[in-house]
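Here the structure comes first, spelled out in structure tokens, and everything after it is commentary.
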Amino acid sequence: MYQDSMIQMIHSYAVKLDQPLCAELLGLHQSFSKLPRFLKYKMDRFLHKNHKLPVIIEWKEGNQDEINRFSQRLSEQGSGRVRNHFERIGFCSAEITPSGLKELLPLSRQIHRIYLNRKVHVTLNSALQSANARKIVRSGLRLTGKGVTIAIIDTGIYPHPDLEGRIAGFTDFIGGQSEPYDDHGHGTHCAGDAAGSGKQSDGKYAGPAPESRIYGIKVLDKHGNGTIETILQGLEWCIRHNEICPEDPIDIISLSIGTLPEIYPSEIDDPVVKSVNAAWEAGITVCVSAGNEGPAAGTITSPGISSRVITVGALDDKQTPHNREDDEAALFSGRGPTPYGISKPDLLVPGARIVSLRAPRSYLDRTQKWNRVGDDYFELSGTSMATPICAGIAALIKQSQPGITPDGIKQRLLEGTDLWQGRDPNIYGAGYINAERSVP
């Protein structure tokens with residue numbers, strides 16, 4: 001009885017329910033499908049009334065009054081609650097029972113689509129000399145990213161000596177803490193990839209923007225996992241920060257997070273793509289990873305499938321930074337095209353065996369001790385590492401040309417690449433990043 005009504009609801013509102021949510025709803029019944037009929041009926045009824053589904057709701061107009069009415073109906077019926085409202089990007093997150101979903105869908109005309117709040121994860125596979133990003137000098141001034149702020153949306157940031165005095169702020173959407181920390185280690189590595197000073201290595205392991213400021217925005221837990229909701233929280237926070245503090249804006253976002261994309265009518269129906277696009281349109285340059293699902297075609301992760309943002313693939317320079325003849329796309333680096341026929345990645349950046357900052361006692365530090373480099377550094381590979389290096393080079397462009405737009409930064413990066421003749425753009429993008437040619 002309940003299963004039949006749920007199937008009918010899915011058919012009636014298929015355009016408003018994404019495929020993972022439909023699968024989740026139908027899957028609720030599979031575990032007890034062979035039970036006697038009377039027990040099956042009781043289990044159906046119990047799940048429909050009590051099982052809370054984590055969802056992301058996209059509103060046609062982002063109407064606060066409608067969201068308030070929706071929240072009130074959930075509360076009155078005891079069928080769920082609204083968790084967060086993302087006003088700048090037109091979403092809210094909620095927990096709702098199947099029966100609550102069935103009753104509320106016909107009443108909420110302002111709902112555009114409802115998504116399952118799926119998990120996302122770091123794009124981590126289990127440099128600077130190569131990128132020509134050491135000692136960029138313009139008009140007699142060495143560019144270091146000074147005056148530019150980069151947000152690392154990730155697992156947090158450990159206050160490493162190579163970041164001393166440059167952690168501008170820290171926001172924690174996982175544990176609610178106020179002081180910087182990183183219980184996984186990935187975010188700290190990414191911060192160093194972009195902006196490490198190399199203080200503890202006499203400059204050997206510096207990032208391209210060693211005087212830029214860093215915001216740590218923790219949206220992933222100690223295992224490197226989060227949800228669509230936590231990513232939206234991080235992106236919304238950046239947009240709101242720039243509205244509230246226009247004199248101290250976030251200029252660049254580095255987002256080394258992804259999940260294999262679901263197929264929607266268009267890329268902007270993907271909630272994370274819509275959100276990174278909103279940050280881009282708000283004037284923030286967004287660098288995202290292509291993912292580590294290669295070498296098969298069509299393996300770019302979301303939100304890297306966005307045609308607006310800078311999607312970064314990983315280059316393997318074979319540890320020979322002065323010899324480009326042996327360079328090639330890393331085997332793990334995500335390949336295009338996207339599900340919507342767009343050629344990606346946009347460019348390749350070194351991402352194999354990158355040495356950056358170590359977060360002591362973090363998950364990675366405890367489980368991958370063999371990757372430690374001395375007491376202060378750690379070696380990792382992935383498009384996760386390539387992305388913040390790209391963000392650091394974008395910071396040099398922003399320092400050199402403060403009024404430049406995100407589109408302008410993307411154009412300069414792509415036009416400055418070293419090209420491979422006859423190579424597939426769905427593997428190599430526009431080519432190999434070259435900071436010396438890209439920075440005006």
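The values are calculated or read from the model by the stated rules, or taken from the named source; none is laboratory data. None of the values given here were measured: they were computed from a predicted structure. In this analysis, Cβ positions are derived from the backbone assuming ideal geometry, glycine residues included, and neighbour counts consider all displayed protein chains.
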Practice task
Report, by residue number, each residue of region 205-255 that is touching a strand residue (DSSP E or B) at 6+ places or on another chain (Cβ under 6 Å), under 30 Å from Glu436 (Cβ atoms) and among the hydrophobic types (A, V, I, L, M, F, W, C).
Solution key: Ile214, Cys238, Ile250, Ile252, Ile253, Leu255
Problem - Residues that are touching a Leu at 6+ places or on another chain (Cβ under 7 Å) and surrounded by fewer than 23 Cβ atoms within 10 Å (Cβ to Cβ), drawn from region 400-427 - result: Ser400, Leu414, Thr417
Practice task
Could you tell me whether any residue of region 302-312 is surrounded by fewer than 19 Cβ atoms within 10 Å (Cβ to Cβ), within 17 Å of Ala290 (Cα to Cα) and either at pLDDT 95 or above or in the same structural domain as Asp424 (by TED's automatic domain parsing) (or both)?
Solution key: yes
Problem - Subset tally (residues that are of a type in the set (A, V, I, L, M), over 23 Å from Glu211 (Cβ atoms) and not in a loop (DSSP other than H, G, I, E, B)) for region 164-189 - result: 0
Handout entry: Which listed residue is assigned to a loop (DSSP other than H, G, I, E, B), within 21 Å of the chain's Cα centre (by Cα) and of a type in the set (D, E, K, R), from Arg361, Arg335
Key = Arg335
Practice task
Using the structure shown, decide if Leu357 is in contact with a strand residue (DSSP E or B) (Cβ under 7 Å, 6 or more places away or on another chain), surrounded by fewer than 24 Cβ atoms within 10 Å (Cβ to Cβ) and at pLDDT 95 or above.
Solution key: no
Problem - region 143-172, residues that are in contact with a strand residue (DSSP E or B) (Cβ under 6 Å, 6 or more places away or on another chain), of a type in the set (A, V, I, L, M, F, W, C) and closer than 20 Å to Cys245 by Cα - result: Ile150, Ala151, Ile152, Ile153, Ile167, Ala168, Phe170
Problem - Number of positions in region 428-440 that are part of a helix (DSSP H, G or I) and surrounded by fewer than 21 Cβ atoms within 10 Å (Cβ to Cβ) - result: 2
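Quick one: would you say Ser343 is in the same structural domain as Ile310 (by TED's automatic domain parsing), touching a helix residue (DSSP H, G or I) at 6+ places or on another chain (Cβ under 8 Å) and within 30 Å of Asp202 (Cβ to Cβ)?
Judged against the criteria, Ser343 is not a match.
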